[in-house]
Amino acid sequence: MPTFKDFKLPDLGEGLTEGEILKWLVQPGDDVKLNQPIVEVETAKAAVEIPSPYAGTVTTLHHAEGDTVDVGSPIITFDVDPGGTAADDGVAAPAQTPVAAQADMVPQLSASQVPHEPGMIGSPAPKAGTEEKIEVLVGTGPKSGKLTRRPRKAPTPAVSPPADRTPPRPPARVSAAAVGAHAAELAAAGGAAEVRVLAKPPVRKLARDLGVDLRQISGTGPGGTITRGDVEGAVGDEVGTQPTESAPSRDREFDPATREQRIPIKGVRKMMAAAMVDSAFTAPHVTIFTTVDVTPAMELVERWKTAREFAEVRVTPLLLVAKALMVAVKRNPLINSTWDEAAQEIVVKDYVNLGIAAATPRGLIVPNIKAADKLTLPELAAELQQLVATARDGKTPPADMQGGTITITNVGVFGVDNGTPILNPGESAILCFGAVRDMPWVHEGEIAIRKVTQLSLSFDHRIVDGQLGSQFIADVAALLAEPTLFVAWG
Amino acid sequence: MATLTLGKALNEGLRKSMETDSKVLIMGEDVGRLGGVFRVTDGLQKDFGEDRVIDTPLAESGIIGTAVGLAIRGFRPVCEIQFDGFVFPAFDQIVSQVAKMHYRSAGHVKLPITIRIPFGGGIGAVEHHSESPESYFCHTPGLKVVSCSNPVDAYWMIQQAVASDDPIVFFEPKRRYWDKADVDTAGAAPLSLWDANVAREGSQATVITYGPSVKTCLEAAAAAQQEGQDLEVIDLRSLSPIDWEAVFTSVRKTGHAIVVAEAPVYASLSAEVAARVTERCFYELEAPVLRVTGFSTPYPTSRIEEDYLPDLDRILDAVDRSLAF
Amino acid sequence: MAVQSVQPSEGPELVQLLTPEGERVEHPDYSLDLTFGEYRDLYRDLVMVRRIDTEATALQRQGELGLWASLLGQEAAQVGAGRALLSQDFAFPTYREHGVAYCKGVDPVTLLGLFRGVNQGGWNPYDKGFQLYTIVIGSQTLHATGYAMGLQRDGSDGAVMAFFGDGASSQGDVNEAFVWSSVFQAPVVFFCQNNQWAISEPLERQSRIPLYQRALGFGFPGVRVDGNDVLAVLAVARDALARAREGSGPTLIEAFTYRMGPHTTSDDPTRYRLAAELETWKLKDPIERMKAYLSRNGMADGDFFAQVDAEADALAAHIRAGCLSLPDPDPLTLFDHVYAGGSSLLEEEREQVAAYLASFEEAVH
């Protein structure tokens, strides 16, 4: 049973990519012995005799003398078991041979890809019309590079940088303070100097530019690293109450030469400034004022302070003003809207996300209570209390500072009567609530000492005209002057 | 306990090695009768004989090449290259033979050779006597490279290097040969040969160094303490392989890394430290890794070598720059 | 060429005991007294060694070896030296001493891994006293000298033979080995196979004087022997090894021979030497002269020669089968044996590469 084996032209150790068949030393039908010379192949102007890798009968010569053959392509086929009793079925297709397999690993560079190295041992003088060949003295010559990627398995979860940080072998003779080494663990030791944050350089730079103290942020990135988003969201969250602020103290002293102090514009201040500018120079602001005798409202507030419903919460005049505002909004819905320039629409909202302007040492922020109009008074009181406390702690989450629909600013706490507040961007009205003073007032036809306060309302005159604005502030005032109106208008 | 100079500590360590293992040989130019140009092998030929302490012909390649043959025969040669700048004739034997023999022989042939090389500058010498060629050898797989910085380490590390079955290039800071310290020769080695040492603990920045620069860095750290800066100094001790865990632990604590070494900065061992620290401590770094090194010039003439060598001011300047990032 | 070199000649200084025609001759300083069996054994060795070489060359031409450094024409030099070595003697070869390896009892298949590219040598030199091949020219002569110095310290009666070529004699390391071995009187024999060519550079480019005379400059004896005469080489090598063993120090043996093949299978000698030169040396073939000597003196007959040929065929088949079955190494083995004591860095790298390789759907190897 014939067994066919191909012999492919090998790389003859010279970085050969092709060879020319010079002379066949055998013919089809010849019996050849192992290592018997079968062909002369041209390399470098010298003929190389190739000895037969098989004993057997020559079946086919695949190329004629004079042909140029690529390394790795078959040049001759043998029947290594002519008329024999081989066990395999007489599949005429020539089997793969180990030699052929070896030759398969030989690079199949096209001649134009082969670099020419003049002067190497054995380099041929270029023949007219042929490509240059490379011959090297040692080794099998350069292999061609890959041109496509090998397919990978399904991706493994990305190795987060701290993930490969298994607790390291403690180095010998290093004190306990240095051993351990994970930032989170060290943070437990306390002391700002020992807390190490995990953040890559661009994030650190962003934090520095925005005046954010990385030590106060918990990171949401892999392994607890602080991301860009974490920094951006933390703007305005600084504790700030400690005298040490993020920047070193060098920019907090007056320069004796110029007697000037230079404070970098960054952080909350920067954001607040941008918002102010945006608002002030987009919406035409008009502010109207009213003075109100709020004695009944204050009496109500006093009573609530000891009421069971408000036992858990702080009750302040602001609570009542907030409630009054929301009732007034219900009566004057257009005041609770936004000017959508892009869509050329005014968006009127049926919900009140009530913003409360809060002063923190870092600057002004305006967190809002979502759907404040749906809250009961005790709930509202609780929310207000929480809002103020959170703001003071510098922990207001970014979401709380977005989506507000109308705002109250309380300048009364500073002893100020009124103001011309600037709208929170995206809103159409802002109510300014001044100090409550004991003032002489005409009450039931007589001069009396009454609790009097001033309300100011700034509004976006694109949406709100004088009548609407006046109506709105008058409603707020009326509720504070006569709280029983809450029942009538609720 | 004995107060020893670094050179004497090496001498005592070598003596101990020779006593412990009769296969240990010392070979090099002038190591026998003269006791070495720095007296590191002083007295050893008298006590151990010319067969074990060999004054060789003047050819560095020959010293290392014959050491290879002796090691194949089962000896433990400790070769001395007289000065750093003269190691290069032996470079081929070191990188082509010493480094590769174990690999080439699939582990059948071990070459427990120690190659001692005094290195570094600051001694007012002429050309080729102040080099820092350690990077070439760190760059050669198959070799291990260490450097002592003080007498205690010198005493123990030389013995450990001689006892190692791997070839070790042992760099000795020649400007520190006369530094003294108390060495407990009766005790046990305080560290393994491959451990880095926290030479000084600190919290604000990590100074990573080795060899002659360790003392300079400690002096710089002491000066910095006066100004309220708290620096940690890591003595690498082993240059290949480096005790990376010790380095990373420190850098993760301080967030600042400064590498100090005499060798020219370009393509140096310092560059490897910087690259690997950056790769592995990326999230904890508050500043890029800075390097305080020799410049990209041949070692200068002695009158201006102090401007070339990393000194206290340059080190602290780098620390300042790192902390200011 | 401005420089006129002394032309090598086959004058009285070339030790010879068997002429190219197969005639036995006497030499005043060297003699050999062998039995018929021993002569036959030497013949067999020569034929085996040549067959190793031709089979390996064929395997290279068939793509099974990336490279082969042929010793064709140098069989007598290597068999003569190899058979002079005792089992306690250590040989430090270059990369062409397949004949010496054979004589030391190294299986020829052992040598193939390096040329096939499946290892860097990888054999245990202590097994047969045959060091791994050294590819950097001349380095091994220093290793041999150091080993010999070790023998001195051990009080051993072994000796060392360092092999190198005419080209290597220019290398600094070889000259340093001459310095060391002479001043320390080390028991090492320097066996230089002067095969006339260092790739394409002729002997005249390496020396103005006959190579064996170099030794005098270093203070030890040198002798030039007909490298194609296995009997002379054996006699001279035995004598030099005896000198070394008794503590008389080194000897330089210049085996004057010819590299009939190329430097390696990647070399093309037709570019730098004349075919006529080859023809001259064919007349000095080492095997032909032994065959003639054995036949003419009734030491061997046709049956013997046929039997030796059959043994050579069997050896060739063994080499072929062994070569084809040499396993390709697993890629991760490239991290093995870098250090005797391991390295934390390498362990980490190895793990990373292992993970990377495992991330592919199909392994390449």
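Observations on the structure shown:
- Alpha-carbon Debye profile of the stretch C:280-356, log10 I(q)/I(0) at 0.15, 0.20, 0.24 Å⁻¹: -0.73, -0.97, -1.07
- Footprinting exposure proxy for B:139, A:63, B:256, C:143 (fewest neighbouring C-beta atoms within 10 Å first): B:139, A:63, B:256, C:143
- Taking every full run of DSSP H in chain C, the ones that stretch at least 18 Å from end to end by Cα along their long axis and average 1.0 or higher on the Kyte-Doolittle scale are C:230-245.
- Quotient of the Cα radius of gyration of the stretch B:268-325 and 2.2 N^0.38 Å, N being its number of residues: 1.32.
- GNM top mover of B:277, B:126, B:251 - chain B, alpha-carbon springs below 10 Å: B:126
- Per-selection metrics, the stretch B:197-323 (Cα): Rg and Dmax in Å: 13.5, 43
- The charge dipole of the protein assembly as shown, taken about its Cα centre with unit charges on the Cβ atoms of Lys, Arg (+1), Asp and Glu (-1) only, comes to about 2600 debye.
- Label-to-label distance, residue C:297 versus residue B:126, with points set 7 angstrom from Cα along the beta-carbon direction: 6.4 nm.
- Using R0 = 51 Å, the C-beta based FRET efficiency linking residue A:1 and residue B:91 works out to 0.25.
- Average beta-carbon neighbours from other chains, 10 Å sphere, peptide A:319-330: 0
- For B:89-101, mean number of other protein chain Cβ atoms within 10 Å: 3
- Among beta bridges that DSSP assigns inside the stretch C:36-329, antiparallel share in %, nearest 5: 10 percent
- A simple spin-label model places the labels of residue B:19 and residue A:277 8.1 nm from each other, with each point 7 Å out along Cα-to-Cβ.
- Dividing the summed -39500 (n - 2.57) terms of all DSSP H runs of n ≥ 4 by the residue count of chain C sets its mean residue ellipticity at 222 nm at -14000 deg cm²/dmol.
- Mean Cα-pair separation over length for the stretch C:35-109, i.e. relative contact order, pairs under 8 Å, 6 or more apart, %: 31 percent
- Chain B: relative contact order in percent, alpha carbon pairs under 8 Å with at least 6 residues between: 16 percent
- Each Lys or Arg adds one and each Asp or Glu subtracts one; over the other residues with Cβ under 12 Å from the Cβ of residue C:307, this totals -3.
- Structure note, pairs A:146/B:100; A:205/B:215; B:16/B:180; A:33/C:104; B:8/B:46; A:270/A:370: Cα-Cα distances above 23 angstrom occur for A:146/B:100; A:205/B:215; A:33/C:104; A:270/A:370.
- With both labels modelled 7 Å from their Cα along Cα-to-Cβ, the residue A:399 to residue C:204 distance reads 9.4 nm.
- The protein assembly as shown - share of DSSP beta bridges that are antiparallel (%, nearest 5): 50 percent
- For chain C, convex hull volume per residue from C-alpha positions, Å³: 164 Å³
- Overall, chain B carries a charge dipole of about 820 debye about its Cα centre when +1 sits on the Cβ of Lys and Arg and -1 on the Cβ of Asp and Glu, all other atoms neutral.
- The distance from the alpha carbon centre of the stretch A:353-374 to that of the stretch B:301-325 is 53 Å, rounded to a whole number.
- Distribution of pairwise C-alpha distances over the protein assembly as shown, 10 Å bins, in %: 2, 8, 13, 14, 13, 12, 10, 8, 6, 6, 4, 3, 2, 1, 0, 0
- On the basis of the beta-carbon distance and an R0 of 41 Å, residue C:288 and residue A:65 show a calculated FRET efficiency of 0.75.
- Of all DSSP bridge pairs formed entirely within the stretch B:197-323, close to 20 percent run antiparallel.
- For the residues of B:165-178, the average number of beta carbons from a partner chain within 10 Å of their own beta carbon is 1.
- Residue of C:63, C:121, C:22 that the Gaussian network model of chain C assigns the largest fluctuation, springs spanning Cα pairs under 10 Å: C:63
- Taken over the C-alpha atoms, the stretch A:363-490 has Rg and Dmax values of 16.3, 51 angstrom.
- Rounded Å value of the spacing that divides the Cα centres of the stretch C:191-235 and the stretch C:301-351: 32 Å
- Additional length obtainable on full extension of the chain from residue C:326 to residue C:23, 0.36 nm per residue less Cα span: 104.7 nm
- Cα-only Debye scattering, chain B: base-10 log of I(q)/I(0) at q = 0.13 Å⁻¹: -0.93
- Radius of gyration and Dmax over the Cα atoms of the stretch B:2-183, both given in Å: 15.0, 45
- FRET E, pair residue C:183, residue C:354, Förster distance 45 Å, beta-carbon r, rounded to 0.05: 0.35
- Neighbour-count order for C:142, A:16, C:14, fewest beta carbons within 10 angstrom listed first: C:14, A:16, C:142
Computed from the coordinates by the stated procedures, all read-outs in this text should not be read as laboratory data. Because the structure is predicted, anything quoted here is derived from the model rather than measured. All Cβ positions, even for glycine, are placed from backbone atoms using ideal geometry, and neighbour counts span all protein chains on display.
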